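Down below is the structure, laid out as structure tokens.
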There are 2 protein chains.
Amino acid sequence: MPKETFFNLPETKRTIIETIAIDEFAEYGFDKASISRMTEKCEIAKGSFYQYFEGKKDLFLHLMDLVVKEKLKFLAPTMENPAEHNFFELLKDLYISGLEFANTHPKLVQIGNQVLKNKDHPVYYEAIGSNMSKSYKVFDSLLKLAISRGEVQPDIDISFVSYIISSMNLATVEYYFEVVKGDSDKVVEWNNDMLDTVNLFINFIKHGISVPIKEVVNNDKG
Amino acid sequence: MPKETFFNLPETKRTIIETIAIDEFAEYGFDKASISRMTEKCEIAKGSFYQYFEGKKDLFLHLMDLVVKEKLKFLAPTMENPAEHNFFELLKDLYISGLEFANTHPKLVQIGNQVLKNKDHPVYYEAIGSNMSKSYKVFDSLLKLAISRGEVQPDIDISFVSYIISSMNLATVEYYFEVVKGDSDKVVEWNNDMLDTVNLFINFIKHGISVPIKEVVNNDKG
DNA sequence: AAGTCATATGACTGCATAGTCACATTATAC
DNA sequence: GTATAATGTGACTATGCAGTCATATGACTT
């Protein structure tokens, strides 16, 4: 946790520090990010930094808090009453909000993924433990509900599907930015390409890719 | 590329260096891995290292070569005549060999994934460019074949499915080690849990999770 | 044995960083 | 206006690293 001094700062100064820190971590990654370079960019003294934070990790975890808070803003409307909608509609909304979040805050996503993807890194468990984690548990109950409604096959392995669905959320974002959009830096508005991407994933999750074996079809004209 | 001097080394010494380097990268990651520490562990002089390699990146890319070579050994039997088998059987074999590889060479997989997962890292493109890359292109033609055989739905987005199938290969390995096996360090023989894991993924890819909408079924007793 | 080439060595230079601390500056209280 | 607390400062220390180079050692040749 940042020290009290940091939270006593005028909001503008705090925001400058956070913004520059986000840039630094996005550009260099956690390991190569440098406190010295950051304080120079911020035009604050090295010593001041240590008045605000315990060290690099402390700062980074604070940024992760921001990521989660911001992400929740995007997620909130979707998750307000999850039981009211069809499971796949809910999933679609979820992926859409993930994509919208990534589109408006690409750097936050970038530093978030640094952690999310690097289970071997020492910071991983601290970041996950204090923040994210167990997002897959939400899916557990949603899946059970969906099964009882006849929307999802009853014989699936629920924890496996929860896992898949979580990881597909990231995959959607990645696929859009790397394949569809092409990872250029220009920011674009929400568009149909994004919706198409989400639909690709949802359809895949729904139906897979094999040709269904038809049940005994009795077509009188046959 | 390592210098000639390195390849002139007696094989035992070369292997020691490679093994210790793999340990170093697996433990600390690329950024934090230290040449000084490695040379100490190897009991070779710092100067000697620079007789063998241009620097850290050179060494790392050499290790990536080893990863790819070793992985190909596991893949080769499966890919010998890919057109002879049903698409999903081939895919299953592919995932199985991926899992077998990860099981016998966990550290190689670890350092391989460091790169594969970090598209932002400066080393990424060099490692990909010289080595892996375009594995998804193999799937393109296989998928077309599978469609023509009526094994796969004809209206899929081929490049999308190639992408998914590639990323599911990694996901299978991750799921097995993190969820099924529990990521303990003990090495185990090939077992049924691994096969079950692969089957979970293959079934998911085949059928998705939604309850199929039945075609007009005319069951006389209905 | 002398000469030549390949390899080994580790002290040394130079650089970037983390983190500290005695002191300066500003805000707040009385 | 003076005292006290909070915050700002940047030179300084200590650490660790990459990469070099003059020199030593060994191996092979004639």
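The values are calculated or read from the model by the stated rules, or taken from the named source; none is laboratory data. From a predicted model like this one, the values you see are computed outputs, not experimental measurements. Because the Cβ atoms are built from the backbone with ideal geometry, glycine has one as well, and the counts that use them run over all protein chains shown. All accessible areas refer to the heavy atoms of the entire protein, side chains included, with ligands and DNA or RNA removed. Shrake-Rupley method; radii C 1.70, N 1.55, O 1.52, S 1.80 Å.
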query = Right, B:Glu40: within 27 Å of A:Phe25 (Cβ to Cβ) and of a type in the set (Asp, Glu) or not?
reply = no
Filter result (without any contact (Cβ under 8 Å) to a residue 12 or more places away in the chain, touching a helix residue (DSSP H, G or I) at 6+ places or on another chain (Cβ under 9 Å) and exposed (fewer than 11 other Cβ atoms within 10 Å of the Cβ)) within the stretch B:179-215 = B:Asp185, B:Glu189
query = Which one of these does A:Tyr125 not meet: (1) closer than 23 Å to B:Val179 by Cβ; (2) surrounded by 14 or more Cβ atoms within 10 Å (Cβ to Cβ); (3) free of Cβ contacts under 8 Å to residues at least 24 places away in the same chain?
reply = (2)
request  = Taking the options A:Phe101, A:Phe87, name whichever one is modelled with pLDDT of 95 or more, in contact with an Asp or Glu (Cβ under 6 Å, 6 or more places away or on another chain) and assigned by TED's automatic domain parsing to the domain that holds A:Ala171.
outcome  = A:Phe87
request  = Mind listing just one residue for me: the one in the stretch B:179-195 that is out of contact with any Phe, Trp or Tyr (no Cβ under 9 Å at 6 or more places or on another chain) and acidic (Asp, Glu) and, of those, nearest to the other protein chains (Cβ to nearest Cβ)?
outcome  = B:Asp185
ask   = Can you pull out the helices (runs of 4 or more DSSP H) entirely within the stretch B:1-115 that have at least 2 residues that are within 16 Å of DNA strand D (Cβ to nearest atom), open to solvent by 80 Å² or more (accessible area, probe 1.4 Å) and within 14 Å of chain A (Cβ to nearest Cβ)?
value = B:11-32
Subset of the stretch B:143-153 [more than 8 Å from chain A (Cβ to nearest Cβ) and open to solvent by 20 Å² or more (accessible area, probe 1.4 Å)] = B:Lys144, B:Leu145, B:Ile147, B:Ser148, B:Arg149
message = Condition first: more than 18 Å from the chain's Cα centre (by Cα) and more than 17 Å from A:Ala171 (Cα to Cα). Can you find one or more residues in the stretch A:60-78 that meet it?
response = no
task = Among the candidates A:Phe160, A:Phe139, single out the residue that is open to solvent by less than 60 Å² (accessible area, probe 1.4 Å), assigned to a helix (DSSP H, G or I), aromatic (Phe, Trp, Tyr) and modelled with pLDDT under 95.
result = A:Phe139
query = Is there a residue being within 20 Å of A:Gln114 (Cβ to Cβ) and either more than 23 Å from the chain's Cα centre (by Cα) or among the aliphatic types (A, V, I, L, M) (or both) anywhere in the stretch A:130-141?
reply = yes
ask   = What is the one condition in (1) within 18 Å of B:Ser97 (Cβ to Cβ); (2) open to solvent by 50 Å² or more (accessible area, probe 1.4 Å); (3) outside any helix (DSSP H, G or I) that B:Leu170 does not satisfy?
value = (3)
remark   = Within the stretch B:35-59, the residues that are over 17 Å from B:Ile16 (Cβ atoms) and more than 12 Å from DNA strand C (Cβ to nearest atom) are B:Glu54, B:Gly55, B:Lys56, B:Lys57, B:Asp58
key: Per-region count, the stretch A:194-222, residues modelled with pLDDT of 95 or more and charged (D, E, K, R)   = 2
note = Contact list, first residue from the stretch A:54-65 and over 13 Å from A:Val115 (Cβ atoms), second anywhere and β-branched (Val, Ile, Thr) and open to solvent by 10 Å² or more (accessible area, probe 1.4 Å), beta-carbon distance below 9 Å, six or more apart or interchain, is A:Gly55/A:Ile35; A:Lys56/A:Ile35; A:Leu59/A:Ile35
